Every structure is written in structure tokens, then in C-alpha cells.
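Heads up: the structure comes next, in C-alpha cells.
The values are calculated or read from the model by the stated rules, or taken from the named source; none is laboratory data. From a predicted model like this one, the values you see are computed outputs, not experimental measurements. Reconstructed Cβ throughout: ideal geometry from the backbone, glycine too, with neighbour counts over all protein chains shown.
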Amino acid sequence: MHWVLQETLFREHEWEALVGCLERHAIPYSVHKVVPFAGTLVPAAEPRHGKVVCFGSYSMRHSARANGWTPGVYDLYACDYLVQRERWGAQRMLNGDSVVVAFKDARLDRPAFVRPVDDSKYFAGAVFEPDAFNAWVRKVAVLDEDVGSSLTGDTRVQICAPKTIYAEYRFWVVDGDIVTQSVYRRGGKSYFASDVDERCAAYVREIVAIWQPARAFVVDIGDTPDGLRIVEINTINAAGFYAGDIQAIVLALEALEN
């Protein structure tokens, strides 16, 4: 495939690993600036292969769609939290008890976890304090202020009580198989390592056997007082690599599409 890469998005060691792999295997690629939100590429891409894949910000899906690229982006937009809960069951979801409302109707009277129900990247899921969150809702939904994203009052969000998570793990799944994995948080702090407990991998294989949101995707798993739970899924094209094996990801996607 031809790989369309966003410049300056990746950490230096990630960039070196990604470009190094493409060059070692003589895989064509090009580097572009990406216009925020619109996803327009600067300069425009001139693919040197019939198939094109984008790696960078989530907004690149707009360019992929406009150009009719295959696979372009393995988009998960249609596989939102409600779809995941239906497919995998609330008991497997970390936030399976979430209430879903429009952002304009969201109000907090105590600290709560809030995030968009889809993989939109309008804002990162986090635990919010009531005063700050309610003021933010008013700014977006009542005052119609520009908050630097595509977030609107109609954006659907999920709200639930904060959960205790001992550690969080990321798994890259391609064609039904785990191709690499990484610890990315432990004890509430960032911690990157490729050595992941086998029971976590077994749990991912279990949920993949039930349902896969795309031919290639990323799933984050949390180790909690109630056992392993699905934290969220992410579009593989826009997910951080952490300590994952970047070459394994590249070669797995090449094998999937060739």
C-alpha cells in the first residue's frame, strides 16, 4: 500500500520506527501536514499504489473518503459505545452503566466520567468536576462559543461514575489476531511496556471471537476490582503506539490488504 503519514504527530522514536519499517520493506509513503478538523492534506497526496492507508489524526478519514482510498481509514465512527454495549454486553464494558445524553443536556452534580459515545475525538474521556463541566456545557450549548473542536450541543456523550483501574493495556487487532500489545498506564500513571499479562490477551481473544468492529482496530482493556473490562476501542490509524511493535502493525496491515 501507499502510506499517507501526518508529520509531527508521532513521537520521535515512533516516527523513526514507522518510517524505518516502510523504507526497509520498500513500502511507498508520503508525508503531509493535515488541516485540523477538515483533514485536508498539504500537499495533496499522489499515491504510488492502488491501495492507500492513512496514519495520523482522526480527521484524515475525510481525505480518505473524499479520494475513495481503500482501506484509507478503518473507521469506527459507526461502532459507538451503544453498539459496543449491545454486541459485547454491558458486563464486559468498564462503563457499562453509562447514561447517554446530548452534550447540551448533560449536567453533573458530582464528579463523573464523561466522553463522546463515538470515536470522534471531540474531547478525551475524563473525570470532570461539576462546576467546570457545567460551565463548559453552557459555553458550547448556550453561548455557542468556539471551543476549538467540532463539539456541539447535539454531540452525544456517555456519563457514569468514575471507576478504579489498576492498569490499562492496548491491543492491536488485525484480521482477528492480536499483532502487538502494550501496557500504557499503571497505578494511575503513564507506564509503557510491551510485557502484558497473558490473561489480558486471553480476554481480548474472547471478545474478538464475539464481535469485531472492523478488520483492524485497537482495543483498550482495564484491570479493575471487578476483573478485566473493555475501556474503549480506537481507530487503528489514529491510536498512539505506546510500547507496541510498530513493524508488526505495518506488516499485518500490508498482509491484510495485499
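Residues in segment 149-174 that are in a loop (DSSP other than H, G, I, E, B) and in contact with a Lys or Arg (Cβ under 6 Å, 6 or more places away or on another chain): Gly153 only.
Inside segment 237-253, can you point out the residues that are surrounded by fewer than 18 Cβ atoms within 10 Å (Cβ to Cβ) and in a helix (DSSP H, G or I)? The answer is Gln247, Ala248, Leu251.
Looking only at residues that are farther than 21 Å from Asp97 by Cβ, of a type in the set (Gly, Ala, Ser) and crowded, with 17+ Cβ neighbours inside 10 Å in segment 112-147, which one is nearest to the chain's Cα centre (by Cα)? Residue satisfying both the conditions and the ranking: Ser120. Of the residues Asp80, Asp177, Asp97, the single one that is under 28 Å from Pro36 (Cα atoms) and either of a type outside the set (Val, Ile, Thr) or at pLDDT below 95 (or both) is Asp80. Inside segment 175-219, residues that are assigned to a strand (DSSP E or B), under 15 Å from the mean Cα position of the chain (by Cα) and surrounded by fewer than 21 Cβ atoms within 10 Å (Cβ to Cβ) make up a count of 1. State whether the residues of segment 91-98 include one that is basic (Lys, Arg), touching a Lys or Arg at 6+ places or on another chain (Cβ under 8 Å), assigned to a helix (DSSP H, G or I) and under 26 Å from Tyr242 (Cβ atoms). Yes, because at least one residue in segment 91-98 is basic (Lys, Arg), touching a Lys or Arg at 6+ places or on another chain (Cβ under 8 Å), assigned to a helix (DSSP H, G or I) and under 26 Å from Tyr242 (Cβ atoms). Checking each residue in segment 220-236 for being of a type in the set (Asp, Glu) and not in a loop (DSSP other than H, G, I, E, B) picks out Asp220, Asp223, Glu232.
For segment 71-90, how many residues meet the condition of being surrounded by fewer than 14 Cβ atoms within 10 Å (Cβ to Cβ) and either under 16 Å from the mean Cα position of the chain (by Cα) or in the same structural domain as Asp131 (by TED's automatic domain parsing) (or both)? Residues flagged as surrounded by fewer than 14 Cβ atoms within 10 Å (Cβ to Cβ) and either under 16 Å from the mean Cα position of the chain (by Cα) or in the same structural domain as Asp131 (by TED's automatic domain parsing) (or both) within segment 71-90 amount to 2.
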